[in-house]
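First comes the structure, then the notes that go with it.
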Amino acid sequence: MRLYGDEVESENGRALHRTIIVVDVEKFTHGSRTNADQLAVRAALYRSLRRAFDDSGIPWDDCHREDRGDGVFLLVPPEVPKALVVDRLPGALAEALAEHGRAARRDAERVRARMAVHAGEVLPDPHGFTSASINLAFRLVEAPQLKSALAGSPGVLALVLSSWCYEEVAWQSRVVDPRTFRRVDVAVKDTAATAWIALPDHPYPPARPGEAPRRGRAAVVLASVVALSMTAVADRPGTGGGAVSGIGEAFPGDREFLAHVINLKTGKCLARNGAYTQPDDSESEGGDIYQWECADSHNPGHVVVLAPAGGGDWAIRSSVRADLCLTADDEPETDQHFHACRPGDDHQRWRVRRIRGRAPDAVVVENRGAGGCLAHQGGRPDVHIQVFRRECRPFGQDEVGWSIRPYAMPGRRSCGEPWRGPVRNNATGLHLTDSDGAAHRTAATAPAVSVVALGESAHGCHVSISGAPGTWVLESLAAEGWVRVHAAEDVSRCLAAVDGAVTTRRCDGSRSQQWELG
C-alpha cells in the first residue's frame, strides 16, 4: 500500500530512518471557534504547510502525512537534508501562517501553531507508522514550556527541537543562530527529555557570551554534579554569607515593562486577573496573585508590570491597576496579595536575579523585606494555582524559578507629535467634542479635539484628550485607522459612546469602544 508518498511495508515492518515533524494548532477546540472556523483553520494550515515545504525545497508529495484533526504528522524522506527542515521550514511556515492571519476576516480563522522536529527510526505497519521516536515528537509538541512560549509570543509559531536535532543540526547551522534557542526539561506523561525551544518569527535574544546554550551530555552531568555540591554547601549553617547558591547577577533593566512571568515548573503565568480577561472580576485591593494559562497573543491577559524600584529592585504591579503592587505577606507559606503601592515599602520590593546555568530569562524573584522567593504553591498545576513564598533554592525546585518574557501589548502606540482633529465613534458615527465631554452628531464639519502625549508607560503612550477628561492610553486595532482608548488608571476600562454620551465601560470588542482619529 502507499500512503501520501511513503512506502509502507506491511510484510516485514523493517525500521526506516525519517525526519519527524508534528504540527499542532493552538486552541483549535476553543469555544470561540465554530465548526466552520475549524474547517477554515484546517484548510489554512494545509495551505501554509504546502507553501512552506515548497519554499524550503522539501518535496511535499514525497513525505508521508497523517491528519490529526487539530494538526499534522509528517515523515520526511532520509534523502532530504535535515538542515532544510531546521534552517528553512520553521521560518517559511511562520511567514505563511502570518500572511493568512493578515488576510483572515475573523480572529477565529487565524492560525497559531506549535511545531516539533525529531529524527529517528520508525516502524511501518498496514496502518501507518509507530516508534519511540514518533512518540517523543508528539510529547515534545505537548510540552507546557512550548505552549507557554507560543502564548507569550506576538508571533504565530513556536518550534521545539529534540536534543539530537539541536546538537546535530541547529548547532552546526550557518543559517539559524543556536544561541536563540532555550533549553527546557520536558516531562509529558511518561516521557522525560531535554529539548530546545525557539520562536522563528519573534526570536529570543541570543544568549550572552558565557551563557552559550549548547549543553551536551558531559556538560549536563558536570552541571548536575556542581549543582548538587553547591546545594550541599548552601545547606550548611553559616555557609555562603547569606548568598544563595546557584543565583547570579540581577536581571537588567532601567524602565518599566509589561511581562509574562512564567513558572518554570507549571508553564503558567503570574497574574491577578490581567487586562479585561474576566469581565465580572475587576482588580481590587488585597486581591490574591495566581497562576493562569498565559493569554492569547491578541489579548494582554495575564501579564504584570515590572517597574524599577531603586537599588536594582523591582516593583511588580497589576497590569490593570497601576496603583496595586504585589506585597509580601508576613507568613511565607500563604497566598501573596496585591495592595496599594507604597513607595519605600521593602515588602513591595523584589530582587529579580538570574539562575546560573539556565537561560538568560530564567530568574528567581525574592522579596527584599520579608525574604523568600515567589513559588508555585505545589501540588497539581491545574488545581493548585496560588503563589506562595519559599526558600530560594533553584536547583531541582523549578517552582521557585520563573521566566521573564517582555510582552508587547497588541496595538501599543508610541508617543508622537501633538495632534488635533476629529475623533469619530465606529458604532454611532458621532464625534467627540471638547466642549462638555459629550458626543453628538455633526453637520458637514466634525469638531476637532486635541490629543497631547504626556509620556510613556509599559502600556504605551499616555495622552490627554480635550474632549475626555483624564489620562488615556491609545491601542491601535487590527482594523486600519481605529483605536481603543483605555483609562490610564485602570486599563481594563475603555472610552465608549453610549446613548449619545461618552462614558467608560469594561473593555470588549464592541464597535462602541472603537474610535477613529482623523
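Among the residues of region 360-378, write down those that are surrounded by fewer than 22 Cβ atoms within 10 Å (Cβ to Cβ), in contact with a Phe, Trp or Tyr (Cβ under 9 Å, 6 or more places away or on another chain) and over 13 Å from Gly248 (Cβ atoms).
Arg368, Gly372, Gln377, Gly378
Given the criterion modelled with pLDDT under 75, buried (at least 22 other Cβ atoms within 10 Å of the Cβ), outside the structural domain of Val463 (by TED's automatic domain parsing) and not charged (D, E, K, R), identify the matching residue among Pro332, Pro394, Pro381. It would help to see each step written out before you state the result.
Working: Pro332 fails: buried (at least 22 other Cβ atoms within 10 Å of the Cβ); Pro381 fails: buried (at least 22 other Cβ atoms within 10 Å of the Cβ).
None of the others qualify; the one that does is Pro394.
Just a yes or no: is a residue in region 45-61 of a type in the set (Asp, Glu), outside any loop (DSSP other than H, G, I, E, B) and surrounded by 15 or more Cβ atoms within 10 Å (Cβ to Cβ)?
Initial filter on region 45-61 (of a type in the set (Asp, Glu)): 54-55, 61.
Filter once more, so that each one left must be outside any loop (DSSP other than H, G, I, E, B): 54-55, 61.
The next check asks that each one be surrounded by 15 or more Cβ atoms within 10 Å (Cβ to Cβ); those that pass are 55.
The answer is yes; a qualifying residue exists.
Name the single residue that is modelled with the highest pLDDT among those in region 44-83 being more than 24 Å from the chain's Cα centre (by Cα) and among the β-branched types (Val, Ile, Thr).
Val76
Scan region 489-518 and report the pairs whose first residue is under 23 Å from Ser457 (Cβ atoms) and whose second residue is of a type in the set (Asp, Glu) and surrounded by fewer than 24 Cβ atoms within 10 Å (Cβ to Cβ), with Cβ atoms within less than 8 Å and a gap of 6+ or a chain change.
Matching pairs, first to second residue: Glu489/Asp323; Asp490/Glu283; Ser492/Glu283; Cys494/Asp508.
Quick one: what pairs do we get from region 54-68, first residue within 15 Å of Pro90 (Cα to Cα), second of a type in the set (Val, Ile, Thr), C-beta under 6 Å, 6+ apart or different chains?
Ile58/Val80
Report yes if Ala453 is more than 19 Å from Ser319 (Cβ to Cβ), modelled with pLDDT of 85 or more, outside any loop (DSSP other than H, G, I, E, B) and not assigned by TED's automatic domain parsing to the domain that holds Leu306, otherwise no. Before you say what the answer is, go through the steps one by one.
Working: more than 19 Å from Ser319 (Cβ to Cβ): yes; modelled with pLDDT of 85 or more: no; outside any loop (DSSP other than H, G, I, E, B): yes; not assigned by TED's automatic domain parsing to the domain that holds Leu306: yes.
Taking the combined requirement at face value, the residue does not satisfy it.
With respect to Ala497, determine if the residue is in contact with a helix residue (DSSP H, G or I) (Cβ under 6 Å, 6 or more places away or on another chain), at pLDDT 75 or above and in a strand (DSSP E or B). Working first, answer last.
Numbers: in contact with a helix residue (DSSP H, G or I) (Cβ under 6 Å, 6 or more places away or on another chain): yes; at pLDDT 75 or above: yes; in a strand (DSSP E or B): yes.
Yes; evaluated as a whole, the condition is true for this residue.
Under 7 Å by Cβ, and 6 or more places apart or on different chains, what pairs join a residue from region 331-355 that is within 19 Å of Ala259 (Cα to Cα) with one that is among the basic types (Lys, Arg) and not in a strand (DSSP E or B)?
Listed pairs, sorted by first residue: Phe338/Arg272; Gln348/Arg342; Arg349/Arg368; Trp350/Arg368; Arg351/Arg368.
Just checking, which of Ala132, Ala119, Ala83, Ala103 is in the same structural domain as Ser32 (by TED's automatic domain parsing) and either within 30 Å of Thr34 (Cα to Cα) or among the polar types (S, T, N, Q) (or both)? So that I can check it myself, show each step before the final result.
Details: Ala132 fails: either within 30 Å of Thr34 (Cα to Cα) or among the polar types (S, T, N, Q) (or both); Ala119 fails: either within 30 Å of Thr34 (Cα to Cα) or among the polar types (S, T, N, Q) (or both); Ala83 fails: either within 30 Å of Thr34 (Cα to Cα) or among the polar types (S, T, N, Q) (or both).
Just a single option satisfies the conditions, and that option is Ala103.
The values are calculated or read from the model by the stated rules, or taken from the named source; none is laboratory data. Keep in mind it's a predicted model, so treat the numbers as computed, not measured. Ideal geometry is used to build each Cβ from the backbone, glycine not excepted, and the neighbour counts take in all protein chains shown.
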